[in-house]
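Have a look at the structure below before the remarks.
The values are calculated or read from the model by the stated rules, or taken from the named source; none is laboratory data. Here the structure is a predicted model, which means the values were calculated and not measured. Virtual Cβ from ideal backbone geometry, glycine too; neighbours counted across all protein chains shown.
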Amino acid sequence: MNVLFAASECAPFIKTGGLGDVIGALPQALHKKGANVSVILPKYGDLPLHFKEQMQWIKSIEVPVGWRRQFCGIEKVHYQGITVYFLDNEYYFKRHGSYGFGDDGERFAFFSRAVLEALPYLDERPDIIHCHDWQTGLIPVHLKVNYENNPYYQDIKTVFTIHNLRYQGVYPKSVLSDLLDISEHYFHMDALEFYGDVSYLKGGLAFADCVTTVSSTYAVEIQTAYYGERLDGFLRKIGADLQGIVNGIDNDSYDPKHDENLYLPFDDYKGKSINKAHLQEILGLPIDAEIPIISMVTRLVDQKGIDLILHVFHEIIGLNVQFVLLGTGDEQYEEAFKYFEGTYPDKVSANLYFDEALARKIYAGSDLFLMPSQFEPCGIGQLLALRYGSLPIVRETGGLKDTVIPYNKFTEEGNGFSFANYNAHEMLHTIEQAVALFCLQPNKWRNLVEHTMELDFSWSSSSQQYLKLYQELLKSDQ
């Protein structure tokens, strides 16, 4: 079985968020289970030089983008058993950054069409193209609209995965002729039309052979108006064909026993305590094992529930905790945390940048990890926190609900703490319960931490579900 992952990012080549982690780790897990998986990406200007130097040139082709014909170079790198292809066009991709440009609609229209044009020149013809998020939503569309009569493309199946429904790639109707070479015959509510515009993501939903998302709870949530981003009706129509498969993490990359970023690699509570003292030291906080550290490694955007935290921040600090933040985002949130750091210099460390090594030190050194998200398709922060023995406090939404089991003080089961409603005082009450357990029942706390560090949130189980899905798709044609 040959599977080609088409995506806009992939760790360690280019990564802006969780999508990059998924595309970096899931193909590896599928490869270990016997699938022949390759990845195809844009060749961004920001790619590290050492990867560019390793690339093998395959061929240059021309790609239709509406009325234009654009150059596309095809190159490849072999990385940890996976072949990674790069599609090169300096006009579209030789710039700083991956997204957020005024011509993103054209850039990813080119990329989607270039993926299909490049297929005959890859090492193997794929049986399945697994597409991820709006940037690749046009691949299933083109396959069925512009390649249906080409024998080479017959029987290639597509899977489309929603990583975050909020980002949909919505552009004016004029892109149909100007960029896509697709007739207005496909501009209707069951195809590309989205409130008078064209949605690339909706194209993926409408034309892929199978649609998935990144947790079972999120699959249910996005069929409701609150979470559905104006696509809930269309997603309800897909209904039973929409599958939720929770993301995993790469246990080899994130392994506290061997993580060179840590002050001391560890596998027990004692080792974690040493990392906590070191974290307090490097951040200039009082070194005190008995003060719980609440941490966040996050983008500072409204989705992440930052407004809840700001609403009761003084009350949180009043619980005699230390608060450690790492991340960047909206200026209003950055300014708020700068203010709190100035107000509580012995209790708050606001690190308004991103640094992977510090992130891992925070996972390893903090006691609690806060994720009060408005919505969270899957979330990776809570999985990394669990791996490093930092107990998550989460709102029960999406993948947070699927992966964090609230601690039961009677049975002592669970792996974290959670609250249901998007409410600051409900969150505060949950934080109070977690801090009380830390301070008043240290033996139970220690047992809970050591138990969570033994849990398996790797890709092993989820990759098996994807493998089964691929096999069923291919069987349906036989």
Considering only residues that are farther than 21 Å from residue 110 by Cβ and at pLDDT 95 or above, look in the range 2-19 and name the one that is surrounded by the fewest Cβ atoms within 10 Å (Cβ to Cβ).
-> 2
Does residue 211 qualify as being of a type in the set (A, V, I, L, M, F, W, C), out of contact with any helix residue (DSSP H, G or I) (no Cβ under 9 Å at 6 or more places or on another chain) and within 21 Å of residue 375 (Cα to Cα)?
-> no
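Listed here are the residues, each with its yes/no results for (1) closer than 19 Å to residue 83 by Cβ; (2) in the same structural domain as residue 69 (by TED's automatic domain parsing); (3) modelled with pLDDT of 95 or more; (4) touching a strand residue (DSSP E or B) at 6+ places or on another chain (Cβ under 9 Å).
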{"site": "112", "(1), (2), (3), (4)": "no, yes, yes, yes"}
{"site": "115", "(1), (2), (3), (4)": "yes, yes, yes, yes"}
{"site": "122", "(1), (2), (3), (4)": "yes, yes, yes, yes"}
{"site": "137", "(1), (2), (3), (4)": "no, yes, yes, yes"}
{"site": "155", "(1), (2), (3), (4)": "no, yes, no, no"}
{"site": "160", "(1), (2), (3), (4)": "no, yes, yes, yes"}
{"site": "169", "(1), (2), (3), (4)": "no, yes, yes, yes"}
{"site": "174", "(1), (2), (3), (4)": "no, yes, yes, yes"}
{"site": "179", "(1), (2), (3), (4)": "no, yes, yes, yes"}
Residues being buried (at least 18 other Cβ atoms within 10 Å of the Cβ), small (Gly, Ala, Ser) and closer than 23 Å to residue 174 by Cβ: count how many of those fall in the range 69-111.
-> 2
Restricted to the range 433-453, and to residues that are surrounded by fewer than 14 Cβ atoms within 10 Å (Cβ to Cβ) and in contact with an Asp or Glu (Cβ under 9 Å, 6 or more places away or on another chain), which residue is nearest to residue 322 (Cα to Cα)?
-> 442
Quick check: is even one residue across the range 190-208 without any contact (Cβ under 8 Å) to a residue 24 or more places away in the chain, in a strand (DSSP E or B) and assigned by TED's automatic domain parsing to the domain that holds residue 134?
-> yes
Among (1) in contact (Cβ under 8 Å) with a residue 60 or more places away in the chain; (2) on the phi > 0 side of the Ramachandran plot, where does residue 327 come up short?
-> (1)
Yes or no: residue 251 under 27 Å from residue 459 (Cα atoms) and assigned to a loop (DSSP other than H, G, I, E, B)?
-> yes
Residues of the range 357-384 classified as aliphatic (A, V, I, L, M) and under 15 Å from the mean Cα position of the chain (by Cα), total | 4
Members of the range 20-61 that are in a loop (DSSP other than H, G, I, E, B) and either aromatic (Phe, Trp, Tyr) or buried (at least 21 other Cβ atoms within 10 Å of the Cβ) (or both) | 43, 44
Subset of the range 254-276 that is of a type outside the set (Lys, Arg) and assigned to a helix (DSSP H, G or I) - its residue that is surrounded by the most Cβ atoms within 10 Å (Cβ to Cβ) | 275
Members of the range 317-339 found to be in a helix (DSSP H, G or I) and buried (at least 21 other Cβ atoms within 10 Å of the Cβ), listed by number | 333, 337
Please find, within the range 1-23, the residue that is nearest to residue 163 (Cα to Cα) out of those that are of a type in the set (Gly, Ala, Ser) and either touching a strand residue (DSSP E or B) at 6+ places or on another chain (Cβ under 7 Å) or touching a residue at least 40 places away in the same chain (Cβ under 8 Å) (or both).
-> 18
Answer with yes or no whether residue 321 is closer than 26 Å to residue 15 by Cβ, out of contact with any His (no Cβ under 7 Å at 6 or more places or on another chain), of a type in the set (A, V, I, L, M) and assigned by TED's automatic domain parsing to the domain that holds residue 441.
-> no
